[in-house]
Amino acid sequence: MRRSWGAGWRADRVLPAVGFGCLGRPAPESSRVRTGRAARLAVTLVLAALAACGGKIPPTSYYVLDLPAPEAKPPDALPYTAVVMPFRGSEMLLQDRIVYRESPSQVGFYEYHRWAEDPRTTILRSLLNQLRANGAFDRVVPFEGRTNVDYVIRGRLEQLEEIDYGGSVTVQVKVSAQLIDAGTNRPVWSDTAEATGPVSNAEVRAVVEQMSSAVRTAVSRLAEGINTHLRSTAAQSAPSSTRSAPGEQR
């Protein structure tokens, strides 16, 4: 959604042709070397841009997803162990700039609004906390090189974006997860959780707050899906890696 030049206008998302200053996006390479009248025009444009934002480059703001840990796990935790592998993500999320879309096919990146922590790391930690709280596993930890466990969990951050079209400003979040039986190396459960939410005002801080809310919803849905699957199958059989050999007493 296009912002006005009034309150809440984000200077790093307009006039992308100017090469530096408060505008936040580099000029094309072909426009950086000019001579004669073209060079003077370029300097004039840059000076005008700097004047528009007070003559100085704005500070960079850093953000983190707010994903507080839930309450401690219940006493009836299932007798399984698991590791959570590092989350993967779409290529445009593998950098620290916050992503926005002005149309379904046009992607942009804030120059002066960035992640202080990789959202994939924050989401992995949140999923761990959710699984510990709901008792899906007796022990679940991040992957540290060993997989002597019952299950392996793989996750992917598919989407974490501000959406600026359709008549309003919203956020879109999509997170997927897969539960793998470590004994057979086969998936036994998978799901993709999506969540959206409206942004209350034009500040990037409000965007991040709504992203946090949407991520909490998506991660909670995935953690509950894993928990429901394990509890529904616990009475039928244990994972292959922990099953008793024929004739062995457990």
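So the values come out like this:
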item	result
Residue count for segment 134-178, restricted to those that are over 17 Å from P79 (Cβ atoms) and aromatic (F, W, Y)	2
Qualifying residues in segment 79-116 (those that are among the polar types (S, T, N, Q) and without any contact (Cβ under 8 Å) to a residue 24 or more places away in the chain) - the one surrounded by the most Cβ atoms within 10 Å (Cβ to Cβ)	Q95
Listing of strands (runs of 3 or more DSSP E) fully contained in segment 81-189 that carry 1 or more residues being farther than 26 Å from S61 by Cα and assigned by TED's automatic domain parsing to the domain that holds T228	81-84, 139-142, 151-163, 170-181
Answer residue from segment 117-156, given it is among the hydroxyl-bearing types (S, T, Y) and over 20 Å from the mean Cα position of the chain (by Cα) and is surrounded by the most Cβ atoms within 10 Å (Cβ to Cβ) among those	Y151
Candidates R114, R120, R125 - the one that is of a type in the set (K, R), in contact with a Lys or Arg (Cβ under 7 Å, 6 or more places away or on another chain) and at pLDDT 95 or above	R114
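The values are calculated or read from the model by the stated rules, or taken from the named source; none is laboratory data. Everything quoted here is computed from the prediction, not taken from an experiment. Glycine also receives a Cβ, built like all others from the backbone with ideal geometry; neighbour counts cover every protein chain displayed.
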